[in-house]
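What follows is calculated from the coordinates using simple rules that are stated; it is not laboratory data. Bear in mind the structure is a predicted one, so any value in this text is a computation, not a measurement. Please note: Cβ atoms are built from the backbone with ideal geometry, for glycine as well, and neighbour counts cover all protein chains shown.
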Amino acid sequence: MSRNNDLQNQFRKNICNEIFAVDKNIRFVGIVNSEGEVIEGGFRKGIEPLLDQNEEQDMYLQSLSNISFFQSFSEKFGSVDYLMIRQKKITMITFPYRGEIICISASSQSDIDRIRDETVKIILL
């Protein structure tokens, strides 16, 4: 069982690293569990979070809630591929992923469409 967990953790770590490699303007990549805890990933080295830890936790819980809400319409609209929120300083993309979510935040200078498209390729492998 422990070997399985080690493989799963390494797999998650690889996904986060691959997404970070897509664009140098990606600030954060994290895999978040159903309790809103970041179980893999984090901020790019040298990047300071814009939110404190409690605000971050609230944001991840809201992201989970948003994904769940829109997934409730899947029968009529189809499955949720991702949710994107663009704000002045950052853009955040949230992808449903194996019962968890992948959260990405990138600076406003990033090519968010490319980040989205490359992330889809990475998580579908």
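A crude spin-label estimate for the pair F43 and S107, with each label 7 Å from Cα along the Cβ direction, gives 1.4 nm. When each of the peptides 108-121, 2-15 is scored by the mean number of other C-beta atoms lying within 10 Å of its residues, the order from highest to lowest reads 108-121, 2-15. Between F11 and I85, the contour length at 0.36 nm per residue exceeds the alpha carbon distance by 24.0 nm.
Beyond a 19 Å Cα-Cα separation, which of these cross-linked pairs lie in this structure: K24/K45; K13/K89; K24/K89? Working shown, then result.
Numbers: K24/K45 11 Å; K13/K89 26 Å; K24/K89 15 Å.
Check vs 19 Å cut-off fails for K13/K89.
Placing a pseudo-label 7 Å from each Cα along the Cα-to-Cβ vector at E55 and E118 gives an inter-label distance of 2.8 nm.
Against the empirical curve 2.2 N^0.38 Å, the C-alpha radius of gyration of the chain lands at a ratio of 1.03. The GNM of the chain, with springs linking C-alpha atoms under 10 angstrom apart, assigns the highest mean-square fluctuation among E37, E100, E55 to E55. For region 1-74, the alpha carbon convex hull comes to 134 Å³ per residue, rounded to a whole number.
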